[in-house]
Amino acid sequence: MNIALVGYGKMGKEIEKVAIGREHSIVDRISATNRGKHLNLHDADIAIEFSHPGATLQNITTCIDQKIPVVCGTTGWVKDFDAAVDYCKNHNGTFFYASNFSPGVNMFFKLNRALAKIMTRFTDYSVHIEEVHHVHKKDSPSGTAITLAEAILQNINRLDKWQVGNSTNNILGIHSERTGEVPGIHKIRYENDTDIITIRHDAKNRKGFAVGAVMVSEWIIGKSGYFTMDDYLNSDHLKFAFY
């Protein structure tokens, strides 16, 4: 598989190592320093996009225009997300998006959703999200935290929306911290007068994200349309048993 890396920061370099280890070829490395010169991907079988939120929509549409499937893991561009999905559908493209490609995090998503379905009946519990990332991360809260929050809102009837800050009776709070070189910590905390229930995921390094992105890229070749991690994890390719 010939891969174009659209975004060549820390994640792009980690993906490169994983891809080469899986006997794929990197045919282009596009970063902020050469993005204005070209985005010609005709030698690529697929593009893996981990760039800057301000460039993501243009990168995705350019890939689709060149008939190159694009796997995107950039976060912080939610305002343009629907436009990217519509562009993919209207131009018969192939677009895969995930806020987090780590298989472990996606299991955590399932756990979060299942716990929220239980906790909607216990109205005396407050719920709060905490996330910690390295100081280089540009978006806050993280895309993973937002995905967790949206799943909670879908399953706990008393909550109307999320906000940055403290939780209230009908608002789910998200607290973000940027420190050191932390790859990623996400924690969901339920609390009432008698106890605390916590679920937590700690990323030890970036390798899990990179492995997931490359595995998804291998899977999506030959497919058309818009896809998510649920499509991948629930496919016959893996036969994950999520209930």
Note down all Cβ pairs under 9 Å where the first residue falls in the stretch 164-177 and is on the phi < 0 side of the Ramachandran plot, the second is among the basic types (Lys, Arg) and in a strand (DSSP E or B), and they're at least six residues apart or on different chains.
ASN170/LYS161; ILE171/LYS161; LEU172/LYS161
Could you figure out which of (1) assigned by TED's automatic domain parsing to the domain that holds MET11; (2) part of a helix (DSSP H, G or I) isn't true of LEU111?
(1)
Select, from THR94, THR120, THR144, the only residue that is without any contact (Cβ under 8 Å) to a residue 60 or more places away in the chain and either of a type in the set (Ser, Thr, Tyr) or touching a Gly at 6+ places or on another chain (Cβ under 6 Å) (or both).
THR120
Could you list, in sequence order, the residues of the stretch 201-213 that are out of contact with any Asp or Glu (no Cβ under 9 Å at 6 or more places or on another chain) and either farther than 12 Å from PRO103 by Cα or among the charged types (D, E, K, R) (or both)?
ASP202, LYS204
With the condition kept exactly as written, say whether any residue in the stretch 122-140 is surrounded by fewer than 16 Cβ atoms within 10 Å (Cβ to Cβ) and assigned to a helix (DSSP H, G or I).
no
When you check ILE185 against the structure, is it surrounded by 14 or more Cβ atoms within 10 Å (Cβ to Cβ) and at pLDDT 95 or above, yes or no?
yes
Keeping to the stretch 176-235, report how many residues are of a type in the set (Asp, Glu) and in a loop (DSSP other than H, G, I, E, B).
3
Looking for something surrounded by fewer than 15 Cβ atoms within 10 Å (Cβ to Cβ), of a type in the set (Lys, Arg) and under 19 Å from ASP231 (Cβ atoms) - is there at least one such residue anywhere in the stretch 63-70?
no
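The values are calculated or read from the model by the stated rules, or taken from the named source; none is laboratory data. Just so it is clear, the model here is predicted, and its values are computed rather than measured. All Cβ positions, even for glycine, are placed from backbone atoms using ideal geometry, and neighbour counts span all protein chains on display.
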